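Read the structure below first, then the notes.
Values quoted throughout were computed directly from the atomic coordinates according to the rules given, and no laboratory measurement underlies them. Values in this document were obtained by computation on a predicted structure and should not be read as measured data. With ideal geometry, Cβ positions are generated from the backbone for all residues, glycine too; neighbour counts draw on all protein chains shown.
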Amino acid sequence: MPLYESVFIVRQDVTAAQVDALGDGFAKIVEENGGAMDRREYWGLRTLSYRIKKNRKGHYVLFNMNAPSACVQEMERNMRLNEDVLRYMTIRLDGERPEPSPIMQGKGDRERERADRGGRGGPRGRSDRPERSDRPERSDKPDAAPAAKTEEPAAKAEEPAAKAETAAEKPAETASAPAETKETES
């Protein structure tokens, strides 16, 4: 049987457990149609290079399988029908790869790099700064000035409100005054 490698991307809203369930479903389809799964890798939630169906991220899964072409076509048909699958690609391989995929190999390299960095104070740390306990205390903090400044804006905010109330009362008095004068004249 020919060897195939298939990668599919699932929407970011789906949980990792649901992605595993989708992978199990596709693996079951392959096995029911006479194929065999050699390897299955979950690459995790990764950022897409461009938006696909309003998604910026996706869960990536890789399958390596020995299967007839009818089996692969059935699996791809089910991937097309599933709304959670954003994209998929299946290619035929000449030979099987015994080593993990380049994505999985890269994850191990990053973990080793992080371990090599060490904690703070290394080549990327801030070892040139003095410790905080060595710094002199700041005695030039003005304590009274900020409190006085906070009271002044509150007083200014009350003044326009008071002016607005008196302005609202004055037009009512002037409007009622001419009406009274008219009544007295007649």
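Quick one: in the stretch 56-86, of everything that is in a helix (DSSP H, G or I) and not hydrophobic (A, V, I, L, M, F, W, C), which residue is farthest from the chain's Cα centre (by Cα)? I'd like the intermediate steps shown before the answer.
Of all residues in the stretch 56-86, those in a helix (DSSP H, G or I) come to 69-81.
Okay, now just the ones that are also not hydrophobic (A, V, I, L, M, F, W, C), so 69, 73-74, 76-78, 80.
On the way: S69: 38, Q73: 34, E74: 34, E76: 29, R77: 30, N78: 29, R80: 26 Å.
The extreme case among them is S69.
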| request: Starting from residues that are free of Cβ contacts under 8 Å to residues at least 60 places away in the same chain and in a strand (DSSP E or B), keep the ones in the stretch 7-40 and report whichever is surrounded by the fewest Cβ atoms within 10 Å (Cβ to Cβ). | output: A36
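Quick check on M89: is it in contact (Cβ under 8 Å) with a residue 60 or more places away in the chain, within 18 Å of E41 (Cα to Cα) and not in a strand (DSSP E or B)?
Taking the combined requirement at face value, the residue does not satisfy it.
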| request: Count, please, the residues in the stretch 21-66 that happen to be closer than 20 Å to S101 by Cα, touching a strand residue (DSSP E or B) at 6+ places or on another chain (Cβ under 6 Å) and not basic (K, R). | output: 20
| field | Residue satisfying condition, being of a type outside the set (F, W, Y) and either surrounded by 15 or more Cβ atoms within 10 Å (Cβ to Cβ) or under 23 Å from K107 (Cα atoms) (or both), within set L81, L86, L93 | value | L86
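Hey, can you tell me all the residues within the stretch 41-55 that are assigned to a strand (DSSP E or B) and charged (D, E, K, R)?
Here is the first cut: in the stretch 41-55, the residues assigned to a strand (DSSP E or B) are 41-52, 55.
Scanning the stretch 41-55 gives E41, R46, R51.
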